[in-house]
Each structure stands twice: as C-alpha cells, then as structure tokens.
Amino acid sequence: MITFNNSLDAAAQSVCQWCKKSLLSRVTIIRDVYGKLSFLMDNTESVADPDKQKLVTALCQELGPYFSGKIYWKKLSHTQRRIEEREKLIIEILEQERRDWINRDNIEFYLSERPIAKKAWVCQPTDQESVWTYDEAAGDNGKKVITFYSFKGGMGRTTALAAVALNLVRQGKNVMMVDTDIEAPGLATLFFDEELIGRGILDYMIEHEIDERVSITDYVLDVTDPALLDENEGQLFLMPAGRVDRNYLQKLARIDFQDNRAGYLREALVTLLNDIRENYDVDYILIDARAGFHDMGGVAVAQLPHGVVLFGNDSRQSWDGLTQVLRTIAEGHRADFPVMIVGAMCPKAASEGYTAVRNHFINKSYTICTENYYDAESEIPGVEAEGEIHFPELLSFNDELLQGVELYSDGSQEKNQRVNAYKTILTGESYKKIANRIKSWFGED
C-alpha cells in the first residue's frame with residue numbers, strides 16, 4: 001500500500017523501470033502541500049507521446065492517488081506543443097529550490113518539497129548562515145548568539161539559560177537574554193515581578209514593522225537587583241516575550257507563523273538581533289526557543305545562532321525529537337557548527353545508579369550523533385571524547401527548583417536569602433560547565 005512515507009521511493013522505482021529511462025539525466029520529484037507527487041524530467045532527447053503515456057500509466061498504477069498526473073519535460077520535439085511561459089517559470093523555480101536526494105540507475109534524483117508551514121525545519125538550505133558570521137562572533141568585541149532548545153517541555157531549558165547567563169556575568173561578560181517562546185513565556189518571571197514586565201519581543205515584531213522609529217530600549221529590561229548581581233560583575237539584560245494581558249492573544253494572532261510571506265520570521269528576528277547588536281554592548285545573546293517543532297523555534301535553532309544547546313532526557317519521545325533537530329542542523333550547517341547536548345533530570349552524581357545512567361545517556365547520544373550528525377566520510381570521535389557534540393553535559397534533578405525560581409528581591413532579608421540560595425544553585429559546577437563549554441566554542445578560556 002502506498003503511503004506518504006513510501007511514496008517517494010515508489011516514484012523513483014517506477015521511473016527506473018520505464019522503458020526510456022536512458023533518456024533521463026535528472027529527475028526532480030515535487031511533493032506538494034497535499035503530499036501528491038509531480039515530476040520534472042531533465043531528458044537528453046525528446047520523448048514520443050506513446051512513451052510518455054507509458055510512464056504516466058506506470059506512475060498511476062504504482063502511486064495511485066499520490067500521483068498528481070503532472071509531468072514537466074525539459075525537452076520537447078517540434079511536433080509537440082511548446083512549453084508555456086508559466087511552465088518555464090515553474091521549471092526555473094524548481095531547479096533553483098530542489099535538493100539532492102539519491103542516485104539510482106545513473107539518474108540523479110532531486111526533491112522539491114512544497115510545504116506551507118514548518119519551513120524553518122524542513123526547507124533548510126545546505127549552507128545556512130548565522131545572523132552574522134561565526135568569525136564576526138568569535139572576533140574581538142564579537143557578539144555570540146546561542147539558542148537553548150528542548151523538544152519536550154519541562155526539561156529545565158529556561159532555568160538553564162538563566163543559570164548560564166549568571167555564570168557568564170560572574171565572569172565579567174555582558175549578556176542579553178531573549179525569550180522567543182512567545183506562546184508560553186516564562187523567562188522574564190524568573191527575574192522580575194509580573195507587574196514590572198511590559199512590552200517585549202512580541203510587541204517589537206509588530207510595532208517595529210509599523211513604525212521603524214521605535215527604540216529597542218523600550219522593550220528591554222535591565223537586570224540590576226543587588227541581591228542577584230554584584231557591582232564588579234558584567235551587565236545582564238532581558239528582552240521578555242511580552243506581558244501576558246488582555247491584549248497578548250491579539251498580538252500573538254498577528255505573528256505570521258505560517259511564513260506566508262517568504263522568510264518573514266527570519267527577517268524579523270534578524271532585524272531584532274541586529275538592533276540589539278547595535279544598541280547593546282553585550283558579549284552573548286542567549287535565545288530561549290519554543291519547545292517542539294514550532295516555526296519560530298525552527299528559525300531560532302536552525303537559522304540564526306552561532307551555537308545550539310539541546311536539552312532532553314532519556315526517553316524515547318525526547319530522543320526522537322532531538323534526532324530530527326540534529327538532522328536539520330547537520331543538513332544546514334558546516335561540520336564544526338557548535339552543538340551541545342544536555343541530559344536533564346539525571347540522578348545526583350553521588351547517588352546510586354548515577355554511573356549507569358550517565359553511561360547509557362552517553363552511549364545513546366553517541367549512537368544518535370553517529371547515525372544522524374557526524375559525516376560518515378570523516379573521522380568520527382570516540383564515545384568518551386569530551387567536548388564533542390555527542391558527549392553530553394548532565395544536570396541533576398533538583399527539588400529546590402521545582403517550587404519556582406525567583407531571582408529578584410523586595411529588599412527584605414528573607415527574600416535576599418532566597419535569591420542567594422537560588423543563585424548558589426544556578427552558579428554551581430554543572431551549570432558552570434555548560435557556560436564554560438559555550439565559551440570554548442569561541443576560543444575563550
């Protein structure tokens with residue numbers, strides 16, 4: 001039975017069984033928004049109508065309703081109708097956007113996927129550039145964009161981002177935190193009372209497009225609580241998602257998640273990051289991305305950053321999601337693009353069973369990366385090679401963080417002690433290792 005999953009292989013097999021396949025040098029299979037297949041045949045000679053009909057019949061029989069009935073031919077005889085101008089344009093677009101797939105029976109097969117959404121995840125170019133180049137980010141006074149992502153919620157991603165920011169600030173770095181998880185914001189509430197949270201990234205994306213005179217400073221909060229930061233430390237800034245009030249859903253409904261305007265989400269976020277770059281003297285921009293296969297999350301993970309931190313636990317659902325994310329990154333970036341896997345909610349290092357859990361997580365991570373990330377033609381590092389993409393950092397489950405982290409104080413002794421207790425946890429060795437590993441990506445000790 002033909003399904004969405006096997007229709008591409010069935011299509012290639014049908015083409016390879018055609019009596020005139022020797023006339024084909026390239027074949028592009030176009031899968032439209034419904035999942036139906038059309039074909040662009042790069043034929044070296046014109047094909048007679050009876051032979052074309054044989055291919056159509058074979059595709060109808062093999063693919064059934066998955067065949068759209070449409071085949072574009074590059075070369076036509078003088079007796080056959082000329083290609084319409086519209087079809088010439090379609091062919092030109094397909095040739096520009098198609099991607100290599102397989103080589104079978106001396107025919108190069110290409111794919112042209114035509115989705116309407118999730119384009120940041122499924123339509124990655126093979127040479128995706130970050131918001132600005134890695135060399136610029138790693139250079140003197142460069143600004144590094146790092147995205148924190150988890151396929152499943154509840155992995156401690158947002159808390160870890162806050163912890164890494166605090167560790168970087170303690171080491172004299174200036175840090176901007178950006179909450180792009182606009183459908184379930186939470187980063188700002190770690191640092192501020194809800195009443196102090198005003199406009200944020202959601203407001204900026206709407207208002208900046210209407211009025212370019214708006215200032216980025218109107219959307220950014222300075223984190224200056226003396227209970228949290230010392231005077232000799234770096235500066236810490238936060239761009240919240242926005243304030244969740246009666247207007248929030250109306251603003252959220254106006255963000256073009258389906259990317260009906262080509263590249264809109266990337267362009268909007270590039271504008272935002274460049275605005276931060278020009279107006280804030282920060283060393284690191286840490287992006288909190290939406291969990292799951294979300295459009296904005298795809299842009300934040302696969303298109304903008306200079307490095308990605310992936311959070312997951314040792315469950316099938318988590319590994320399945322992270323596998324797809326690693327594939328997307330591998331397809332769109334150079335081999336040395338920095339990625340870190342973080343195992344969340346692990347047992348404490350001193351507890352019984354920790355070693356077994358650690359080893360299992362490392363081995364699973366190694367298998368996933370070997371099969372989906374590492375280039376099979378290059379030397380693959382060993383399983384115990386620390387610092388490599390497959391070698392994870394592990395975060396232990398901490399009951400004290402379940403009650404809700406509050407990194408701000410009203411000045412009372414009780415609140416100051418509470419903030420200090422959280423700060424001690426978040427600047428501990430596990431989170432510090434993540435921060436230091438990020439720094440090592442850019443040649444910083």
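Here the spin labels are modelled as points 7 Å beyond Cα on the Cα-Cβ line, and at Q13 and A385 they lie 3.7 nm apart.
Counting only DSSP beta bridges with both residues in the chain, what percent are antiparallel, rounded to the nearest 5? Could the numbers behind the result be given before it?
Working: 15 of 52 bridges.
For the chain, the DSSP antiparallel bridge percentage is about 30.
Name all residues of the stretch 392-417 having a backbone nitrogen under 17 Å from the label point set 7 Å from the Cα of Q171 along its Cα→Cβ direction, giving them as ranges. Taking a point 7 Å out along Cα→Cβ of Q171, the residues of the stretch 392-417 whose backbone N falls under 17 Å are 393-394.
For the stretch 367-445, the solvent-accessible area of protein heavy atoms averages 56 Å² per residue (probe radius 1.4 Å; ligands and nucleic acids excluded).
Where only protein heavy atoms count, and the probe is 1.4 Å, what is the accessible area per residue for the stretch 1-54 in Å²? Present the calculation step by step, with values, prior to reporting the outcome.
On the way: 2690 Å² over 54 residues.
Counting only protein heavy atoms, the per-residue value for the stretch 1-54 is 50 Å².
How high is the FRET efficiency between R334 and E231 when r is their beta carbon distance and R₀ equals 45 Å, given to the nearest 0.05?
On the way: r = 40 Å, r/R0 = 0.90.
Using R0 = 45 Å, I get an efficiency of 0.65.
Would you please classify the overall shape of the stretch 182-253 from the alpha carbon gyration tensor, given that a ≥ b ≥ c denote the square roots of the eigenvalues, rounded means a/c under 1.5, and beyond that prolate means a/b larger than b/c while oblate covers the rest? Present the calculation step by step, with values, prior to reporting the outcome.
Details: a/c = 3.04, a/b = 1.61, b/c = 1.89.
Judged from the Cα gyration tensor, the stretch 182-253 comes out oblate (a/c at least 1.5, b/c at or above a/b).
Taking every alpha-carbon pair under 8 Å whose residues sit at least 6 apart, the stretch 1-63 reaches a relative contact order of 40 percent. Dividing the mean sequence gap of close Cα pairs (under 8 Å, 6+ apart) by how many residues the chain holds gives a relative contact order of 18 percent.
Going down the list K20/K88; K54/K75; K144/K423; K119/K423, which pairs span over 29 Å between their C-alpha atoms?
K119/K423
By the helix-only formula, in which each DSSP H run with n ≥ 4 contributes -39500 (n - 2.57) and the sum is divided by residues, the chain has a 222 nm mean residue ellipticity of -11500 deg cm²/dmol.
Relative contact order for the stretch 368-441 using alpha-carbon pairs under 8 Å, separation at least 6, rounded to a whole percent?
On the way: 32 pairs, mean separation 17.6, N = 74.
Relative contact order comes out at 24 percent.
Taking only protein heavy atoms and a 1.4 Å probe, the accessible area of the chain is 46% carbon and sulfur.
Would you give the gap between the C-alpha center of the stretch 317-338 and the C-alpha center of the stretch 341-358, rounded to a whole Å? That distance is 23 Å. Near V339, the amide H atoms lying under 5 Å from its own belong to V308; only residues 5 or more places off or on other chains count, and H is placed 1.01 Å from N.
Positive end of the dipole of the chain, charges at C-beta (+1 Lys, Arg; -1 Asp, Glu), about the Cα centre: which of A385, P65, Y431 has its Cα farthest in that direction? Value: P65. The simple spin-label model puts a point 7 Å past each Cα toward its Cβ; for D222 and Q413 those points are separated by 3.0 nm.
Highest GNM mean-square fluctuation among V47, V131, V145, for the chain modelled with Cα contacts below 10 Å: V47.
Name the residue from S351, L228, N174 whose Cα lies farthest towards the positive end of the charge dipole of the chain, charges +1 on Cβ of Lys and Arg and -1 on Cβ of Asp and Glu. Looking along the dipole axis, the top candidate is S351. With the dipole of the chain worked out from charges on the C-beta (+1 for Lys and Arg, -1 for Asp and Glu) around the Cα centre, which of S396, G307, T367 lies farthest toward the positive end? Highest projection toward the positive end goes to T367.
Exposed loop sites here mean chymotrypsin sites (Phe, Trp or Tyr not before Pro) with a DSSP loop assignment and at most 12 other beta-carbon atoms within 10 Å; the chain contains its longest site-free run at 35-445.
For the pair E209 and S25 in one chain, pulling the backbone fully straight at 0.36 nm per residue adds 61.6 nm over the alpha carbon distance. The charge dipole of the chain, taken about its Cα centre with unit charges on the Cβ atoms of Lys, Arg (+1), Asp and Glu (-1) only, comes to about 1880 debye.
Counting only GluC sites (Glu not before Pro) that sit in a DSSP loop (anything but H, G, I, E, B) with at most 14 other Cβ atoms within 10 Å, what is the longest stretch of the chain containing none of them? Mind dumping the intermediate values first?
On the way: sites that count: E45, E84, E129, E212, E231, E352, E377, E379, E384, E386, E444.
Excluding the exposed sites themselves, the longest stretch runs over 232-351.
Placing pseudo-labels 7 Å out from each Cα toward the beta carbon at R246 and E278 gives an inter-label distance of 3.6 nm.
Residues in the stretch 292-297 carry Karplus couplings, in order, of x, 8, 9, 4, 5, x Hz; the curve used is 6.51 cos²θ - 1.76 cosθ + 1.60 with θ = phi - 60°, and Gly or Pro positions show x.
On full extension of the chain, what length is gained from E113 through D320, given 0.36 nm per residue of separation minus the C-alpha to C-alpha distance? Mind showing how you got there, number by number?
On the way: separation 207, 0.36 × 207 = 74.52 nm, distance 2.19 nm.
Here the segment from E113 to D320 would lengthen by 72.3 nm.
Kindly express, to the nearest 10 degrees and within the range 0 to 90, the angle between helix 49-63's C-alpha long axis and the longest C-alpha principal axis of the chain. For 49-63 against the chain, the angle is about 40 degrees. When the trypsin sites (Lys or Arg not before Pro) in the stretch 243-327 are filtered for DSSP coil states and for at most 12 other beta-carbon atoms within 10 Å of their beta-carbon, the remaining sites are R246, R254, R261.
With every protein chain kept in place and ligands, DNA and RNA left out, what is the accessible area per residue of the stretch 146-193? Probe 1.4 Å, answer in Å². Write out the running numbers ahead of the final one.
On the way: 1130 Å² over 48 residues.
The answer is 23 Å² per residue.
Compared with the alpha-carbon gap, the fully stretched path from I102 to S378 is longer by 97.4 nm at 0.36 nm per residue.
The values are calculated or read from the model by the stated rules, or taken from the named source; none is laboratory data. All values reported here derive from a predicted model rather than from experimental measurement. Note that each Cβ is placed from the backbone with ideal geometry, even for glycine, and that neighbours are counted across all protein chains shown. To get the accessible areas, we keep the full protein, side chains included, count just its heavy atoms, and leave off ligands, DNA and RNA. Shrake-Rupley method; radii C 1.70, N 1.55, O 1.52, S 1.80 Å.
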